[in-house]
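Please read the structure below before turning to the comments.
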Amino acid sequence: YAEGTGGYSLRQIRQTYDRQDYGKVAKLAKKHVKQFAGDPSCEETYFLAAESQAAQGNYYKAYDQYEKLLNQYPGGEFFQAGLEGEYECAQAFMTGKRKLFGGPIHIKADEEAIMILNKIAAHAPGTDIAEKALFEAAEFHYSEGNYLESADAYDYFLQSFTRSPHAAHAMLRSADSTYKLYGGAKYDDTPLLNARQKYESFAEQFPRQADAVDV
């Protein structure tokens with residue numbers, strides 16, 4: 001590539017990335033996308049910038065670069081890798097591994113994770129990674145005791161992936177989540193009635209599993 005072209009600049013970024021000089025990659029990438037906006041080389045540049053930030057533990061900055069990649073190059077060469085990268089960022093936020101610069105953000109790390117998982121599903125609806133992301137979000141809500149959110153998340157998962165191998169599990173967890181919203185005889189019995197309907201639907205669709213857990 002001739003010096004001063006997008007290809008020449010991208011080759012420098014690749015070489016810097018291969019040397020694992022991730023901080024310099026971020027600087028070179030920022031300059032590249034500004035100078036060569038619209039050039040095809042920007043797709044890989046965004047990806048290498050995101051990977052470099054993730055390698056340094058800067059997951060929020062990595063997610064920002066992955067988002068730029070996915071939004072500007074939907075279905076591109078690095079689209080699937082970008083989705084996987086965002087999923088890894090979500091996992092990092094769930095486990096509390098985050099490193100942010102420019103001041104703290106006013107949002108919990110787990111809320112960041114759920115936002116990213118939902119974004120992944122929006123970028124690639126109906127795909128395997130979307131299924132994995134939505135199921136992971138529902139499971140996380142349930143494990144945290146956020147039963148209103150988990151009931152909604154499991155229901156949305158079932159609407160999106162009716163034939164998923166996780167369908168039986170999701171339907172039962174949706175019913176359990178709804179049941180756990182019932183506060184007792186002194187409170188509104190709507191959650192109790194809704195839970196009963198969900199348990200009955202589960203027993204109809206998955207009779208063997210229903211017997212096993214004494215629905």
For this session: Note down all Cβ pairs under 7 Å where the first residue falls in region 117-139 and is without any contact (Cβ under 8 Å) to a residue 60 or more places away in the chain, the second is hydroxyl-bearing (S, T, Y) and open to solvent by 10 Å² or more (accessible area, probe 1.4 Å), and they're at least six residues apart or on different chains.
Result: I120/Y87; I129/Y87; E131/S164; A133/Y87; L134/Y156; L134/S160
Exercise. Do any helices (runs of 4 or more DSSP H) entirely within region 111-215 hold 1 or more residues that are under 28 Å from M94 (Cα atoms), among the charged types (D, E, K, R) and open to solvent by 30 Å² or more (accessible area, probe 1.4 Å), and if so, which?
Worked result: 128-143, 147-160, 167-180
Problem set entry | Within region 97-122, tally of residues that are among the hydrophobic types (A, V, I, L, M, F, W, C) and modelled with pLDDT under 65 | 5
Exercise. When region 6-15 is examined, which residues are found to be over 14 Å from F47 (Cβ atoms) and either of a type in the set (A, V, I, L, M) or open to solvent by less than 30 Å² (accessible area, probe 1.4 Å) (or both)?
Worked result: G6, G7, S9
Problem set entry | Filtered residue count, region 41-77, keeping only those that are touching a helix residue (DSSP H, G or I) at 6+ places or on another chain (Cβ under 7 Å), open to solvent by 30 Å² or more (accessible area, probe 1.4 Å), assigned to a loop (DSSP other than H, G, I, E, B) and not hydroxyl-bearing (S, T, Y) | 2
Exercise. Quick one: is A92 more than 19 Å from R173 (Cβ to Cβ), modelled with pLDDT under 95 and under 11 Å from the mean Cα position of the chain (by Cα)?
Worked result: yes
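The values are calculated or read from the model by the stated rules, or taken from the named source; none is laboratory data. Every value quoted in this text rests on a predicted model; they were computed, and no experiment measured them. So basically every Cβ, Gly included, is an ideal-geometry build from the backbone, and we count neighbours across all protein chains shown. Side chains are part of the model used for accessible areas, which takes the heavy atoms of the whole protein and leaves out ligands, DNA and RNA. Shrake-Rupley method; radii C 1.70, N 1.55, O 1.52, S 1.80 Å.
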